[in-house]
Each structure stands twice: as C-alpha cells, then as structure tokens.
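This report concerns only the one structure given below.
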Amino acid sequence: QSSPRVIVQIFLSGTRALGRAFYEAGRQATKSASPGLPGVIAGDAAGVGNATSGSFTDKLTREHRMTLDEASLILNVKKDTPLEQILKVRLVVIYHTRFSG
C-alpha cells in the first residue's frame, strides 16, 4: 500500500472514533440534563430553589449552589456539626490545598 493511502486510512479511522466519542458524550450529556428528580428545579442544584427564607444557611445555599447536607458530605463532617465549625473546616481545607505541598 502507498504511504498517502495509509495516512488517509489512519486519519479516517481516528475521525470516526472521535466522532463516535463525541456522539456518545452528547447523548450522555442530554440524558443527564433531562429532569429526572421530582421537585428539583431544572438547571438548579438540589434544594437551592427552596432556599428562600433569607436565613444565613439559605443565603449560603443560594450563593454556593449547594445545600448544607451536600457540603457536609463533601467536607466529611456530621450533619449536626455547627455551621461555624463547617466553615472553619472549609477554611482549613482551602489553606492546605493552596499553601501546602
């Protein structure tokens, strides 16, 4: 086989594989973007749409687009931990990720 023909075949094979990957990624994104949970506002984090009371916790929920339960899971703290302690843990995490090796 000639060299240009092999190069074209490799290019076409790669293009097909890349096209399939983008197609599947698009299908997956469409599937995950469709509303699936009842009571969740489309395009909104779970529970953020319900944070309307004006309390400090609701303000943080709206500002960070994350509920207190979600933050507790991410920071690995118990749900009954005071909010001040959670914020202190978060500051320690930020400090260690930015200033520690």
- Cα atoms only, region 56-100: Rg and Dmax in Å? 10.8, 32
- Item | Relative packing of peptides 70-77, 18-25 - highest average C-beta neighbours within 10 Å first | 70-77, 18-25
- What is the magnitude of the charge dipole of region 56-100 about its Cα centre, with +1 placed on the Cβ of each Lys and Arg, -1 on the Cβ of each Asp and Glu, and no other charges, expressed in debye to the nearest 20? 160
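All of the numbers you see were taken from the coordinates with simple rules; none came from a lab. Just so you know, these numbers come straight off a predicted model, no measurement behind them. Reconstructed Cβ throughout: ideal geometry from the backbone, glycine too, with neighbour counts over all protein chains shown.
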